[in-house]
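Q: The structure is given below, and queries will be raised subsequently.
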Amino acid sequence: MTNSALPRGSFSRVGAHYRALLLITMLLTGCTTLPDAARWQETAWHSANDPAVWAPLLAAVVVLPYDNDMSTKASTDTPLFGSKESAKRYSNRTQDGLIALAIASAAGCALTDETDDAGSHQAAATAFGLLGSGAASSLLKLTTNRERPDHGSHNAFPSGHASSAFASASLISATLRHCGWLDRQHWLADTLLYGSATAVSWARVEAGVHYPSDVLAGAALGNFFARWASQLWLGDDGHNSVLVRPDEHGLVLQWSYHF
């Protein structure tokens, strides 16, 4: 009988990240006022309509029939990382680095921004974004019980590495905007951040521990929680959104982009 429990090592790795986040939260969020129920619902809906959320989710559905073939070819050829071991090592180290950078940037912004409650809001957004995506990912893993390509366990969907990597990248990007850092080079920072998160996700496929749909769903999940957190506590509506809403003549497709 196959053991479907989550690997012991993954709990220790995730636990260390969560303890660090909880410590920051306790230090900096003591005076944070929670948004009201209407704000939670409004920002959740707005975040779900962001292309960075629904586009990878749609892509996950599209590639689902080709998951097995794509995973087998990627883990056999390992075109980017050269071996499964290198891909695993890269994904672990880069994920840890992105999480650490998300925490450090939030703390740095909190310490340098003189706006009232800036520190507590920044810490709350970072903690909620990472803890929320991590908790949702773990719950979905237990619910879906999908076997990994290497048959090591039944916790493939969604990819926790992809979720935390994209959540971290999105939160760092929001922090840079919120604190006014790298205004002219923000596009370069975003390219590096999301490029790193994408590389982490692909590394999990080359390592043979995830299917493409796993990492695409993980990316959508991480982006959703990061954007939701940024809108809740930082008032950051992001760059663009697509909204479908009813009117008297039918449905209206609305696209907005914030410069």
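Q: Are any of the residues in region 198-217 more than 23 Å from P158 (Cα to Cα), more than 12 Å from the chain's Cα centre (by Cα) and of a type in the set (S, T, N, Q)? Write out each step before concluding.
A: Restricting attention to region 198-217, the residues satisfying the condition of being more than 23 Å from P158 (Cα to Cα) are none.
No, that holds for no residue.
Q: Would you kindly identify the helices (runs of 4 or more DSSP H) lying entirely within region 47-147 that contain at least 3 residues that are among the hydroxyl-bearing types (S, T, Y), out of contact with any strand residue (DSSP E or B) (no Cβ under 6 Å at 6 or more places or on another chain) and in contact (Cβ under 8 Å) with a residue 60 or more places away in the chain?
A: 67-77, 84-112, 118-144
Q: If G152 passes every condition in (1) part of a helix (DSSP H, G or I); (2) under 29 Å from V205 (Cα atoms) but one, which one does it miss?
A: Tallying (1) part of a helix (DSSP H, G or I); (2) under 29 Å from V205 (Cα atoms), G152 fails exactly one: (1).
Q: Out of everything in region 76-102 that is β-branched (V, I, T) and buried (at least 19 other Cβ atoms within 10 Å of the Cβ), what residue ends up being nearest to D150 (Cα to Cα)? Spell out how you get there, then give the answer.
A: Just the residues of region 76-102 that are β-branched (V, I, T), to begin with: 76, 78, 94, 99.
Narrowing further to those that are buried (at least 19 other Cβ atoms within 10 Å of the Cβ): 78, 99.
Details: T78: 14, I99: 26 Å.
Looking at residues that are β-branched (V, I, T) and buried (at least 19 other Cβ atoms within 10 Å of the Cβ), I get T78.
Q: Given the conditions (1) in contact with a Phe, Trp or Tyr (Cβ under 8 Å, 6 or more places away or on another chain); (2) within 24 Å of G208 (Cα to Cα), and given that K84 satisfies all but one, which numbered condition is not satisfied?
A: Going through (1) in contact with a Phe, Trp or Tyr (Cβ under 8 Å, 6 or more places away or on another chain); (2) within 24 Å of G208 (Cα to Cα) one by one, K84 breaks only (1).
Q: Keeping to region 189-225, report how many residues are among the aliphatic types (A, V, I, L, M) and not in a helix (DSSP H, G or I). Steps first, please.
A: Kept after step one, since they are among the aliphatic types (A, V, I, L, M), are these residues of region 189-225: 189, 192-193, 197, 199-200, 203, 205, 207, 209, 215-217, 219-221.
Next, from what is left, pick out any that are not in a helix (DSSP H, G or I): 207, 209.
Number of matching residues: 2.
This table checks each residue for (1) modelled with pLDDT under 95; (2) within 30 Å of D36 (Cα to Cα); (3) surrounded by fewer than 24 Cβ atoms within 10 Å (Cβ to Cβ).
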position: A165; (1), (2), (3): no, yes, no
position: Y194; (1), (2), (3): no, no, yes
position: V209; (1), (2), (3): no, no, no
position: D214; (1), (2), (3): no, no, no
position: N223; (1), (2), (3): no, yes, no
position: A226; (1), (2), (3): no, yes, no
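Q: Is it the case that D69 is more than 27 Å from D190 (Cα to Cα), of a type in the set (D, E) and at pLDDT 95 or above? Can you show your working first?
A: Numbers: more than 27 Å from D190 (Cα to Cα): yes; of a type in the set (D, E): yes; at pLDDT 95 or above: yes.
Criteria met by D69.
Q: Which members of region 155-171 meet the condition of being touching a His at 6+ places or on another chain (Cβ under 9 Å) and in a helix (DSSP H, G or I)?
A: Within region 155-171, the first condition is being touching a His at 6+ places or on another chain (Cβ under 9 Å), and the residues that meet it are 156-159, 161-162, 164.
Once the filter is applied, which keeps residues that are touching a His at 6+ places or on another chain (Cβ under 9 Å) and in a helix (DSSP H, G or I), region 155-171 yields H161, A162, S164.
Q: Of all residues in region 174-192 being surrounded by fewer than 24 Cβ atoms within 10 Å (Cβ to Cβ) and among the polar types (S, T, N, Q), which is modelled with the lowest pLDDT?
A: To start, the set of residues in region 174-192 that are surrounded by fewer than 24 Cβ atoms within 10 Å (Cβ to Cβ) comprises 176-192.
In the following step, the residues that additionally are among the polar types (S, T, N, Q) were identified as 185, 191.
Numbers: Q185: 82, T191: 95.
Top of the filtered list is Q185.
Q: May I ask you to verify whether L131 is farther than 24 Å from K73 by Cβ, at pLDDT below 95, hydrophobic (A, V, I, L, M, F, W, C) and surrounded by fewer than 19 Cβ atoms within 10 Å (Cβ to Cβ)? Steps first, please.
A: Working: farther than 24 Å from K73 by Cβ: yes; at pLDDT below 95: yes; hydrophobic (A, V, I, L, M, F, W, C): yes; surrounded by fewer than 19 Cβ atoms within 10 Å (Cβ to Cβ): yes.
Criteria met by L131.
The values are calculated or read from the model by the stated rules, or taken from the named source; none is laboratory data. Everything quoted here is computed from the prediction, not taken from an experiment. For neighbour counting, all protein chains shown are included, and Cβ atoms are generated from backbone atoms with ideal geometry for every residue, glycine included.
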